[in-house]
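I have placed the structure first, in the form of structure tokens, so that the comments after it can refer back to it.
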Amino acid sequence: MSTDDKSKRRLPVIDQPTTSTPPPSKDEQEAIVRAQTGRRAFLTAMGAAAAVAGGAIATGAASMSWEDFFRQHYLRLDDDARRALLAQLEARTLAEHGVEANIRAPAALEGVEYAYALNLDACTGCRQCEYACAAENNTSRDPQMHYIHVLQLDAGTFDLDDAEQQYEGTVPKRAHVYMPVSCQQCANPPCVRACPVNATWREPDGIVVVDYDWCIGCRYCEAACPYGARHFNFAEPSIAPSEINPDQGYLSNRIRPQGVMEKCHFCLHRVREGRLPACQEACPVGARHFGNLLDPTSDVRRILDTKRVYVLREELGTMPRFFYFFD
């Protein structure tokens, strides 16, 4: 395939959607208000049911404070309300886990749309990215939850149905390739459309986020995701205080409750402050590349312009911002 042909094929992926996000329209504001009303009705019903039901959602609803219950949607909070919310969460983390957390809410940077490119020729399947992600993002140790799943495939095929995730032994194995899979940060995310209460949305820098306090745990987003990238806390997440990362973000790695969805968020508490995602820092072979898709001089754009690029389940039209490539 010529360079011109590759450029034509990828231009729609790079150019859509636009990077500037206009203020919410009247219809969008009304949708948020409806979502807020629906969320309160749902949690009211679950709170009433908690006396007779021990499910994760009912438990979470029953434990909510009135302040949490009547809080506005995160996107409607002003700066003072957000600062108060972060202080409340820091105090809660100290009281419940004995850890002094620094919880921030860094905003998306203008002129930035984040993307990831992963070299399938270089990845050895060592899983260091997977465990670095867990350590950075305070995922539950028992039951174990990981945002990254490394798949072992036979060389020459991308049949994910036959991929092996629980492989053991020395890696890399001959005649095999390794494909880490996590949230693809889609530009056309089906999970966002599926959420009935606007608890998940796509930020201006392309990161799809979840507000854990707003999520009602219906798991519609999990069913809608074609990449198996969303995870539900069936049980109370368990992590030792000594293992908790105190460097936290509201929409990223703060401690999550039982009964909500969570997923990869490109370590937004790091990348919006100029650092790399934890998984890229941990990769011992340089297979991972992260950067600004809109910067023509970035590593990610260079890869898209010069390498053989593969998009996972491209035919679905989700427009991932996670690209795989070969040397």
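The values are calculated or read from the model by the stated rules, or taken from the named source; none is laboratory data. Everything numeric here is computed off the predicted structure, so don't read it as measured data. Neighbour counts are summed over all protein chains in view; Cβ atoms, including those assigned to glycine, are modelled from backbone coordinates with ideal geometry.
Quick notes on this structure:
- Segment 220-255: number of residues that are within 13 Å of Asn137 (Cβ to Cβ) and in a helix (DSSP H, G or I): 1
- Of all the criteria given as (1) modelled with pLDDT of 95 or more; (2) within 26 Å of Arg71 (Cα to Cα), the one not satisfied by Ala229 is (2).
- Hey, Gly274 in contact with a His (Cβ under 9 Å, 6 or more places away or on another chain), assigned to a loop (DSSP other than H, G, I, E, B), surrounded by fewer than 21 Cβ atoms within 10 Å (Cβ to Cβ) and on the phi > 0 side of the Ramachandran plot or not: no
- Inside segment 277-289, residues that are outside any loop (DSSP other than H, G, I, E, B) and either within 21 Å of Phe326 (Cα to Cα) or free of Cβ contacts under 8 Å to residues at least 60 places away in the same chain (or both) make up a count of 6.
- Residue within segment 251-269 that is polar (S, T, N, Q), under 24 Å from Ala132 (Cβ atoms) and free of Cβ contacts under 8 Å to residues at least 60 places away in the same chain present: no
- Taking segment 314-327 as the range and being within 26 Å of Cys225 (Cβ to Cβ) and part of a loop (DSSP other than H, G, I, E, B) as the test, the residues that pass are Gly317, Thr318, Met319, Pro320, Arg321.
- Segment 278-323, residues that are small (Gly, Ala, Ser) and under 21 Å from Val208 (Cβ atoms): Ala278, Gly291, Ser298, Gly317
- Only one of Ala134, Ala115, Ala105 that is in contact with a Leu (Cβ under 7 Å, 6 or more places away or on another chain), closer than 18 Å to Tyr212 by Cα, surrounded by 17 or more Cβ atoms within 10 Å (Cβ to Cβ) and not β-branched (Val, Ile, Thr): Ala105
- Taken over segment 290-313, the residue count meeting the criterion of being farther than 25 Å from Asp161 by Cβ, in contact with a Phe, Trp or Tyr (Cβ under 7 Å, 6 or more places away or on another chain) and assigned to a strand (DSSP E or B) is 2.
- Of note, Ala122 satisfies the criterion of being part of a loop (DSSP other than H, G, I, E, B), among the small types (Gly, Ala, Ser) and either under 18 Å from Glu281 (Cα atoms) or modelled with pLDDT of 95 or more (or both).
- Single residue of segment 299-310 satisfying the filter (of a type outside the set (Lys, Arg) and surrounded by fewer than 18 Cβ atoms within 10 Å (Cβ to Cβ)) that is farthest from Ala115 (Cα to Cα): Thr306
- Annotation note: Cβ proximity below 7 Å between a residue of segment 93-112 that is closer than 29 Å to Gln258 by Cβ and of a type in the set (Asp, Glu) and a residue that is at pLDDT 95 or above and in a helix (DSSP H, G or I) (sequence gap 6+ or interchain) occurs for Glu100/Leu94.
- The lone criterion from (1) over 17 Å from Cys225 (Cβ atoms); (2) part of a loop (DSSP other than H, G, I, E, B) left unmet by Gln185 is number (1).
- For segment 188-202, a residue qualifies if it is touching a strand residue (DSSP E or B) at 6+ places or on another chain (Cβ under 7 Å), more than 29 Å from Ala122 (Cβ to Cβ) and in a loop (DSSP other than H, G, I, E, B), and exactly one does: Ala199.
- A residue that is more than 17 Å from the chain's Cα centre (by Cα), within 21 Å of Tyr212 (Cβ to Cβ) and modelled with pLDDT under 95 occurs nowhere in segment 158-180.
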